[in-house]
Amino acid sequence: MSPLTEPEQRSRGTLIPTKTALISTAGHCTIACGFCLRPDRARGFLEVPTYARALSRLREVGVEGVCLTGGEPAHHPQLRQLVRLAHQFGLAVSVVTSARTSDEVHRLSEIAHLLTNVTVSADSAGAMHLGRTTRSVSSGIATLKQVMAPVRVLHLTYWDVTAQECQDIHQLVDEPEVEIQLSPVTLGETARERAGYTLSGYLAQQRTDAEHLGRFFQLTPRFQKHLTALQDMYLHPRCERACSSATLYVSAKGELRRCPYSKNGVSVQAPRAAISRFLTSGPQDWTTPDCAAICRADHGPASG
């Protein structure tokens, strides 16, 4: 008998071990990127009692590490407590941040020794223009130089990059010896039209960007497979692919989902039996370019 693939195991009600979970520390962010991937924006911070309950339930299902994400983790008034609570449950902690201000960077630098890694988000010049952001690569590197976690990663969202810009980014990243993770800007149909791109033009730009980046960065087979999968999703949107995310997600309101884009979830306050039923039930969501970008990014640097 052939072994079941992970999606097949999910569909037959087998609880798949999950090693990591994304936890949203806030439902809002002051940066407000025009291409933001967040599907559940709202006001307010994750409450500590809800967070503690989430950690308990995550530990019970085999999660070994959590990644604190946004909104902006550096804005959470009890950030240090969030990290220490996770450690009390035996969980490793990482952070994804867009921190740039002196106060934000200082708060992260104070807990850097408690983190397994920190990922700082940055945008290429074209992505900054498209998304109306100010998260430059140079400012991201400046943050990483001050937040001395054991592993430091620059997550670059890129669009319309030139060979010269790629060379400049390579030199900046190489200097402080940080890892780099790459993600192309993901645009849905409405966003593409607003930006003035046809589907063919958008996909052609993705390929051109990858060619430029490939001259200065070693694009791993896994990252290239991700780019191919994205193109396939855009070209064949009716070919539905069941969600197979191995990373759980906890919203700032305390809802446990298989990924941030899932329309189905269960409160961390629910009884254990209800959470178990949710996790062993077959996937009810389909993979989209947006959530594929998040799932791919969750597994560490894609190139470098």
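The values are calculated or read from the model by the stated rules, or taken from the named source; none is laboratory data. Only a predicted model underlies this, so the values are computations on that prediction, with no experimental measurement involved. Neighbour counts are summed over all protein chains in view; Cβ atoms, including those assigned to glycine, are modelled from backbone coordinates with ideal geometry. In case anyone asks, the SASA skips ligands and DNA or RNA and just uses the protein heavy atoms, side chains included. Shrake-Rupley method; radii C 1.70, N 1.55, O 1.52, S 1.80 Å.
Exactly one condition in (1) under 24 Å from S267 (Cβ atoms); (2) touching a residue at least 40 places away in the same chain (Cβ under 8 Å) is false for S98; which is it? All conditions are met except number (1).
Of the strands (runs of 3 or more DSSP E) entirely within segment 44-154, those holding at least 2 residues that are under 23 Å from I169 (Cβ atoms) and not basic (K, R) occupy 92-97, 117-123. Can you confirm whether segment 185-194 contains a residue that is open to solvent by less than 20 Å² (accessible area, probe 1.4 Å) and not in a loop (DSSP other than H, G, I, E, B)? The answer is no, given that none of the residues of segment 185-194 is open to solvent by less than 20 Å² (accessible area, probe 1.4 Å) and not in a loop (DSSP other than H, G, I, E, B). Test P271 against the criterion of being closer than 30 Å to C166 by Cα and modelled with pLDDT of 90 or more, and give yes or no. Taking the combined requirement at face value, the residue does not satisfy it. The set of residues from segment 232-260 being open to solvent by 30 Å² or more (accessible area, probe 1.4 Å) and modelled with pLDDT of 85 or more comprises D232, L235, K253, E255. Just to be sure, is T143 of a type in the set (V, I, T) and modelled with pLDDT under 95? Spelling it out, it is not the case that T143 is of a type in the set (V, I, T) and modelled with pLDDT under 95. Contact map, segment 253-277: first residue assigned to a helix (DSSP H, G or I), second residue hydrophobic (A, V, I, L, M, F, W, C) and open to solvent by less than 50 Å² (accessible area, probe 1.4 Å), Cβ cut-off under 9 Å, separation 6 or more or different chains; pairs are A274/V266; I275/V61; I275/L256; I275/V266; I275/V268; S276/V61; R277/V266. The number of residues in segment 122-168 being among the hydroxyl-bearing types (S, T, Y) and crowded, with 24+ Cβ neighbours inside 10 Å comes to 4.
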